[in-house]
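Worksheet: the structure to be examined is printed underneath.
The values are calculated or read from the model by the stated rules, or taken from the named source; none is laboratory data. These numbers were taken from a predicted model, which means no experiment stands behind them. All Cβ positions, even for glycine, are placed from backbone atoms using ideal geometry, and neighbour counts span all protein chains on display.
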Ligand code: TYD
């Protein structure tokens with residue numbers, strides 16, 4: 001699972017003078033079934049979120065409002081992705097360390113996730129994540 005697999009995917013955008021509309025369907029616009037949705041909001045300036053990897057979880061991250069950066073790290077390569085468009089999302093496959101920072105004021109980060117919340121799916125220690133990567 002390398003960061004090459006983590007790509008920005010463009011979602012349908014129905015443009016309308018009354019306001020634009022975007023939608024996401026499980027296993028169609030994103031490569032997994034959606035089991036959970038969560039969102040980050042009221043993020044104070046300078047805050048960092050994430051700082052972990054997931055063993056099995058697939059995620060799709062959307063900047064619903066404002067902007068932020070996602071830093072992806074597969075243990076070998078790193079890339080920083082700027083998120084600012086509500087019709088784009090970043091697919092993040094399992095076994096990728098991620099950090100979120102550079103949140104603009106009033107930004108909202110929505111995450112679509114492939115499973116319900118399970119703490120046992122997390123690597124919260126970077127060294128442990130790296131050991132697991134070398135074993136795979
Ligand atoms: P965490 O995933 O570490 O947040 P982030 O990656 O956005 O910085 O989760 C923060 C806390 O919220 C942690 O105690 C677990 C809890 N949590 C849930 O209870 N359910 C969830 O779906 C999520 C994502 C987190």
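Residues that are more than 13 Å from the ligand (Cβ to nearest atom) and surrounded by 13 or more Cβ atoms within 10 Å (Cβ to Cβ) within the stretch 12-50 comprise 13, 22, 24, 26, 29, 30, 31, 32, listed in sequence order. Restricting attention to the stretch 33-45, the residues that are in a loop (DSSP other than H, G, I, E, B) and touching a strand residue (DSSP E or B) at 6+ places or on another chain (Cβ under 8 Å) total 4. Among the criteria (1) more than 21 Å from residue 5 (Cβ to Cβ); (2) crowded, with 17+ Cβ neighbours inside 10 Å; (3) modelled with pLDDT under 95, the one residue 133 does not fulfil is (1).
If I filter the stretch 110-123 down to residues being near the ligand (Cβ under 8 Å from one of its atoms) and farther than 12 Å from residue 56 by Cβ, which single residue comes out as surrounded by the most Cβ atoms within 10 Å (Cβ to Cβ)? In this case the residue turns out to be 111. Looking only at residues in the stretch 51-60 that are in contact with a strand residue (DSSP E or B) (Cβ under 9 Å, 6 or more places away or on another chain) and either assigned to a strand (DSSP E or B) or away from the ligand (no atom under 13 Å from the Cβ) (or both), the one that is nearest to residue 107 (Cα to Cα) is 60. Looking at 25, 10, 48, 56, can you tell me which residue is within 15 Å of the chain's Cα centre (by Cα) and farther than 26 Å from residue 75 by Cβ? Sole residue among the options that is within 15 Å of the chain's Cα centre (by Cα) and farther than 26 Å from residue 75 by Cβ: 10. Picking from residues in the stretch 66-91 that are touching a helix residue (DSSP H, G or I) at 6+ places or on another chain (Cβ under 9 Å) and buried (at least 17 other Cβ atoms within 10 Å of the Cβ), the one that is nearest to residue 16 (Cα to Cα) is 91.
The one condition from (1) in contact (Cβ under 8 Å) with a residue 12 or more places away in the chain; (2) away from the ligand (no atom under 16 Å from the Cβ); (3) closer than 14 Å to residue 8 by Cα that residue 63 does not meet is (2). Tell me yes or no: at least one residue of the stretch 75-87 is over 15 Å from residue 41 (Cα atoms), in contact (Cβ under 8 Å) with a residue 12 or more places away in the chain and within 14 Å of the ligand (Cβ to nearest atom). No, the conditions are met nowhere in the stretch 75-87. Residue 95 meets all of the listed conditions (1) in a loop (DSSP other than H, G, I, E, B); (2) within 16 Å of the ligand (Cβ to nearest atom); (3) within 23 Å of residue 41 (Cα to Cα) but one, namely (3). For residue 103, the stated conditions do not hold, so it cannot be described as more than 16 Å from the ligand (Cβ to nearest atom), over 13 Å from the mean Cα position of the chain (by Cα) and either at pLDDT 95 or above or under 25 Å from residue 4 (Cα atoms) (or both).
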